[in-house]
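A short worksheet on the structure shown next.
The values are calculated or read from the model by the stated rules, or taken from the named source; none is laboratory data. In this text the structure is predicted, and so the values were computed from the model without any measurement. Cβ placement follows ideal geometry from the backbone for every residue including glycine, while neighbour counts extend to all protein chains displayed. Surface accessibility is based on the protein's heavy atoms, side chains included, excluding ligands, DNA and RNA. Shrake-Rupley method; radii C 1.70, N 1.55, O 1.52, S 1.80 Å.
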Amino acid sequence: MELTGAEIIIRCLQEEQVEYAFGYPGGAVLFIYDELFKQDKVKHILVRHEQAAVHAADGYARSSDKVGVAIVTSGPGLTNAVTGIATAYMDSIPMVIISGQVPTFAIGEDAFQEVDAVGITRPCVKHNFLVKDPKDIAETIKKAFYLARTGRPGPVLVDIPKDVSNQKAVFEYPESVSIRSYHPPGKADSTQIRHAAQMLLEAKRPMIYAGGGVVQGDASLQLIELVHLLGAPCTNTLMGLGGFPAGDNQFVGMLGMHGTYEANMAMQHCDVLLAVGARFDDRVIGNVAHFAEVPRKIIHIDIDPSSIAKRVKVDLPIVADLKLALGELLDVLKSSKQKPDAAELASWWKQVNEWRVKGGGMRYKNSTEVIKPQYVIETLHKITGGDAFITSDVGQHQMWAAQYYKFNKPRRWINSGGLGTMGFGLPAAMGVQLINPGETVACVTGEGSIQMNIQELSTCKQFRLPIKVLALNNRYLGMVRQWQEFFHGNRYSESYMDALPDFVKLAEAYGHVGMRIDNPADVEPAIKEAFARKDDLVFMDFRTDSTENVFPMVPGGKGLSEVILAEDL
Amino acid sequence: MRHIISLLMENEAGALSRVAGLFSARGYNIESLTVAPTEDPTMSRMTIVTSGSDAVIEQINKQLNKLVDVVAVMDLSEGEHLERELMLVKIRAKGEDRDELKRMADIFRGRIIDVSNETYTIELTGAGSKLDNFLEAVGRELILETVRTGASGIGRGDRILKL
Ligand SMILES: Cc1cc2nc3c(=O)[nH]c(=O)nc-3n(C[C@H](O)[C@H](O)[C@H](O)COP(=O)(O)OP(=O)(O)OC[C@H]3O[C@@H](n4cnc5c(N)ncnc54)[C@H](O)[C@@H]3O)c2cc1C
Ligand SMILES: Cc1ncc(C[n+]2csc(CCOP(=O)(O)OP(=O)(O)O)c2C)c(N)n1
Ligand SMILES: [Mg+2]
């Protein structure tokens, strides 16, 4: 039977078992919205800004193992979505974005609400398509989902002109698709795995550096077993948090710019480094030359060859899916007669523990006068039992959330690491809450970031999303202020947030509950009360110490051991 | 170092801009880039001449391979290969210069493909350096116009880039 393009699109989404699509209507997608209206399998979540649609689809994907879906109209709908798409691209998040386009006959004529969607998004998608014929829609959407979720995941955009969504074609959803140029890696090469096992068994100072690939690749269980088997310290990147349990003794905390002293020192001084699903980002290894000063052997497992040897030279590159590769590595290690050298490991741990003491782990001086932001996060951890989904915006509050909320499970920590997009937290929390109904979802934000997508409080009301918003309100674009204090002679150029709204009234205006907390003594009761309100969105405005800084800090471009500790200042 | 990279890509609108966009977005060098369809109408063949450190060239190859529209990549410089470039050059050819320029074209195995009272248009193929040499021999003041295709490359013997 022939269906219209729009019908085909919705049927495809149904075939892909898409439960929620996030979007915003407009002229070019009217036919698609008409079809959405006629069915109830794919539920549409109407956001208040297209950027939020994409972040919500992103949070949905990060907190599940599903592909997020967003629908936007042509022109401004698409351009509004670009920040969200780039955010997902930088963090390798599987997502399909369907954008309307002006009719095929109008393309290129500067038609009303025309932009070159494929051109604008090209550098920030895994792939994109312009569909010019309704009979190509089904296969293209199938390909889009396939590309988004396989290999290194990423966002895929499908741009559909308005006339194409109204023309008819026979609908048949392909069982499978193959793309001749695209072969996502699977198992690792067994010789390389044996080689890796040998290197790890012979290591005197082994170290495991695990990133977002562990979370995205669902390889957490394999990683935990491997770390225990090897007896090595393990660190996570910002994106990898929860991939290895923070409560485990072998966890040395996050590494990098705001990582723990011990994680960074162990990274610098290990003799065999196993990097898994991590990409040696410049916020992790700020100074490649400094890192190379200490000789060490590096084994790097990643599904994307271009992540390997991009910034740091690698001795054993292994291109494979992490879950499979770690499984193979475990098999080889378990069947090997050789065991890690206990004496060497003991003296390595003695060193690591000395660093732990010197770095002091994560510590701050609490106060009875003014609310310390770290204290808010610690209390949040306590009240939620460390088991909540935590989304975050970007800034100091993000780092404190990463440092002080000890994540024990993957997919619980949802933040924008690669692009660092302020405004991510609240809309991402919407997606998280929808796909995890009944679970506790909190958004840790700053008074700056929250105002970038605050309109989503309205979406939360419409769809009854009982998110708990914790604004660490320091009246500053704190992360900017910190850099200005450290590196720009205390000249706080445009980093003071003046004329802040009354967030309590604002929350109430949107139909939610607002709380303002000024005293440290009120922090715990407030959080308790807020989380007891299971059905309400509660906006907590914590007036925190406005001059608190994030420590430790490895300044940009510095080596891992060139760290500023809290007491150095 | 200079590298000459060949690739097969889907003969689709937008494929070229993905490759070109990759080079500009990541700050890679392009000395020249040529592209045309192959005997298989679904595919185009592109030759890119670039330069960079070994690490940069490795990334270029990986990034090219990552593009969904790119079907196969070969760094021709890693083995024996041939490269040729076509140039059309229009030169001022007046009076006694005409004989001399004709002889020069012969020496370089060029062909005069268009003649007017005051000009010759010469077609020349060869390695880029040969074309450079010809232009130098003719001299700047006589050159009216040059068009070069950029290098096309192919592996020697059994080195074949095909699906
Ligand atoms: C204010 C701010 C401060 C920051 N400070 C820090 C900091 O102190 N420390 C820190 O670590 N980061 C920090 N970041 C984040 C940083 O910018 C990077 O986003 C982050 O370090 C990258 O994490 P990653 O290496 O785990 O890579 P990701 O971006 O998570 O990439 C994942 C890697 O895994 C691979 N992969 C995906 N799936 C699979 C699979 N199935 N099998 C195998 N491989 C797979 C991918 O190919 C990719 O190479 C900060 C960001 C901000 C905004
Ligand atoms: C969209 C966007 N614009 C600008 C920045 C640069 N930036 C990074 S952190 C930050 C300050 C964030 O302020 P706030 O949300 O109040 O968080 P705080 O650092 O105070 O905790 C800014 C402006 C960014 N990351 N994203
Ligand atoms: Mg702030």
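Assorted remarks:
- Ranking A:ASP536, B:ASP114 by solvent-accessible area of protein heavy atoms (1.4 Å probe, all protein chains present), from largest to smallest, gives B:ASP114, A:ASP536.
- Isotropically averaged projected area of the stretch A:2-170, using the convex hull of Cα atoms (one quarter of hull area), nm²: 8.3
- Between the listed residues A:PHE407, A:GLY360, A:PRO340, the Cα displaced farthest toward the positive end of the dipole of the stretch A:283-423, a dipole computed from Cβ unit charges relative to the Cα centre, is found at A:GLY360.
- For the stretch B:82-152, fraction of C-alpha pairs farther apart than 22 Å, in %: 13
- Counting only alpha carbon atoms, the long axis of helix B:128-138 and the longest principal axis of chain B meet at about 20°.
- Straight-line reach from A:LYS38: taking Cα to Cα under 26 Å and skipping same-chain neighbours fewer than 8 places apart, the lysines in range are A:LYS66, A:LYS132, A:LYS135, A:LYS142, A:LYS143, A:LYS162, A:LYS168, A:LYS461.
- Inter-label distance, B:ARG92 to B:GLU118: 0.8 nm, where each label sits 7 Å from its Cα along the C-beta direction.
- For the residues of B:57-66, the average number of beta carbons from a partner chain within 10 Å of their own beta carbon is 4.
- Kyte-Doolittle mean at least 0.5, axial Cα span of 20 Å or more - DSSP H helices of chain A: A:76-90
- Cα-based helix-to-principal-axis angle, B:15-25 vs chain B, degrees rounded to 10: 90
- Against the rule of thumb 2.2 N^0.38 Å, how large the Cα Rg of the stretch B:2-79 comes out: 1.01
- For the stretch A:190-359, projected area of the alpha-carbon convex hull averaged over all directions, nm²: 8.6
- Length available on full extension from A:GLU354 to A:HIS195: 0.36 nm per residue minus the Cα-Cα distance, which gives 54.1 nm.
- Ranked by the mean number of other Cβ atoms within 10 Å of their residues, highest first, the peptides A:99-108, A:284-293, A:451-460 fall in the order A:451-460, A:99-108, A:284-293.
- Charged-residue dipole, Cβ positions (Lys, Arg, Asp, Glu), the stretch A:170-321 about Cα centre, Debye nearest 20: 460
- For the chain pair B and A, the buried solvent-accessible surface (1.4 Å probe, both sides summed) amounts to about 1400 Å².
- Seen through its C-alpha gyration tensor, with square-root eigenvalues sorted a ≥ b ≥ c, chain A comes out oblate because a/c lies at 1.5 or above while a/b is not bigger than b/c.
- Its Cα centre serving as origin, the stretch B:2-79 has a Cβ charge dipole (Lys and Arg +1, Asp and Glu -1) of approximately 260 debye.
- Angstrom value of the Kirkwood radius, inverse mean 1/r, which spans all Cα pairs in the stretch A:99-243: 19.0
- If you count Lys pairs in the stretch A:190-359 whose Cα atoms are under 20 Å apart, skipping same-chain pairs closer than 8 places in sequence, the total is 11.
- Between helix B:97-107 and chain B: long-axis angle, C-alpha atoms, 0 to 90°, nearest 10: 40
- Here each label is just a point 7 Å from Cα along the line to Cβ, and for A:TYR496 and A:LYS334 those points are 6.2 nm apart.
- Descending semi-axes in Å of the stretch A:286-429, equivalent ellipsoid built from Cα gyration tensor: 33, 23, 18
- The eigenvalues of the Cα gyration tensor, multiplied by 5 and square-rooted, give the stretch A:373-550 an equivalent ellipsoid with semi-axes of 24, 17, 16 Å from largest to smallest.
- Helix-only CD estimate at 222 nm, as mean residue ellipticity for chain A, using -39500 (n - 2.57) per DSSP H run (n ≥ 4): -11000 deg cm²/dmol
- Under-19-angstrom lysine pairs by C-alpha in chain B, whenever the two are 8 or more apart or on separate chains: 6
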